[in-house]
Amino acid sequence: MIQRAIHHIRETAKVPSFSSYEERLHPYIRSVFKTVPVAQELDVDGNNLIFRLNNDSGKPTLVFAAHLDKINHFGRFFSDLLPVDNTDEFIEGAMDDSAGLGILLTIAELSSGNNWPNLLFFFSEMEESKGLKEHPELLKNKGEGYEHGMGATRISKYCLEHDIIPDEIITIDTTPLFKGQPGLALYSKHWELNALTPAEDLIRKTKETVNRFKSIDSGIKNDNNTNDYLKYGEEFNRQSNKAVVSVALEPAIFPYHQKGERGYMWMIFAALWTLSWLI
């Protein structure tokens, strides 16, 4: 399981899928889902991808989400394949969010033959804001028409328009919270950062989800930070009549938002192991 995850992380980390160029990763993502017999791709706008695994009305629906875009730390001149390397302790390269992508692809592969809930996989464009703010000239159209979080917005809009309302959304990203130490963080109170007034049912269900994570791994640090889980939590809970839990599970990387990001092998395994038990 961990070797498959490392393989997928390495392969996705190599691809220069910088913000607005996420389509460079689409062939690899699709190649993995072609090996999953029940996988169905849904036709969402932009550089986003959605895959559905089963649609049984008698089962809950769980979403795993990650973002496709990387921050361009290389400027205009970069090789066809970005550098990536690993030891027994670290994997080094564009870990934000190749770590999340590798974990999601591994879960998709593991799903075959398991009696799991209905699964949706969200792969979003333009999660990162750094390039758009600091170097818009490196984006397509010099950044015109692009905005931070537009991928999660488009994915949410598609699902709401097609009455695809999940029970839980778990976004896998990477965290700077541990400042060079290994760790696994769980962000859960998205309403504190997206100006949403949470219904009591949403608070209760979110607590239940957090407690499930804690029962699997008591060492997870409960905190909060910004990423696509805020947008999913806001969009689904504002525009549907259902309390949709949105949390983010994030293994530590260091340095953060720089070349040579390092992910800890043990934390990647811990995140994958926790999610497999959670399902």
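Every read-out reported here was derived from the displayed coordinates using simple, explicitly stated rules and does not represent laboratory data. All values derive from a computational prediction rather than experimental measurement. Neighbour counts run over all protein chains shown; Cβ positions are idealised from the backbone, glycine included.
Quick look at the values:
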read-out	value
Which numbered condition L230 fails, given (1) touching a strand residue (DSSP E or B) at 6+ places or on another chain (Cβ under 7 Å); (2) part of a helix (DSSP H, G or I); (3) crowded, with 20+ Cβ neighbours inside 10 Å	(1)
Filtered residues of region 184-204 (kept if touching an Asp or Glu at 6+ places or on another chain (Cβ under 9 Å) and of a type in the set (G, A, S))	A185, S188, A195
Check on K142, farther than 30 Å from I165 by Cβ and free of Cβ contacts under 8 Å to residues at least 24 places away in the same chain	yes
Unmet criterion (only one of (1) of a type outside the set (D, E, K, R); (2) within 18 Å of the chain's Cα centre (by Cα); (3) buried (at least 21 other Cβ atoms within 10 Å of the Cβ)) for N72	(2)
Subset of region 28-87 (residues that are farther than 28 Å from S246 by Cα and of a type in the set (A, V, I, L, M, F, W, C))	F74, F77, F78, L81, L82, V84
Some residue of region 237-244 being β-branched (V, I, T), buried (at least 20 other Cβ atoms within 10 Å of the Cβ) and under 18 Å from P176 (Cβ atoms)	no
So L105, is it out of contact with any strand residue (DSSP E or B) (no Cβ under 8 Å at 6 or more places or on another chain) and either in contact (Cβ under 8 Å) with a residue 60 or more places away in the chain or part of a helix (DSSP H, G or I) (or both)	yes
Selection within region 160-182 - out of contact with any strand residue (DSSP E or B) (no Cβ under 7 Å at 6 or more places or on another chain) and buried (at least 24 other Cβ atoms within 10 Å of the Cβ)	none
Matching option when the condition is assigned to a strand (DSSP E or B), in contact with a His (Cβ under 8 Å, 6 or more places away or on another chain), touching a residue at least 60 places away in the same chain (Cβ under 8 Å) and surrounded by 16 or more Cβ atoms within 10 Å (Cβ to Cβ), among F123, F64	F123
Members of region 180-192 that are farther than 27 Å from M265 by Cα, more than 18 Å from the chain's Cα centre (by Cα) and not charged (D, E, K, R)	W191
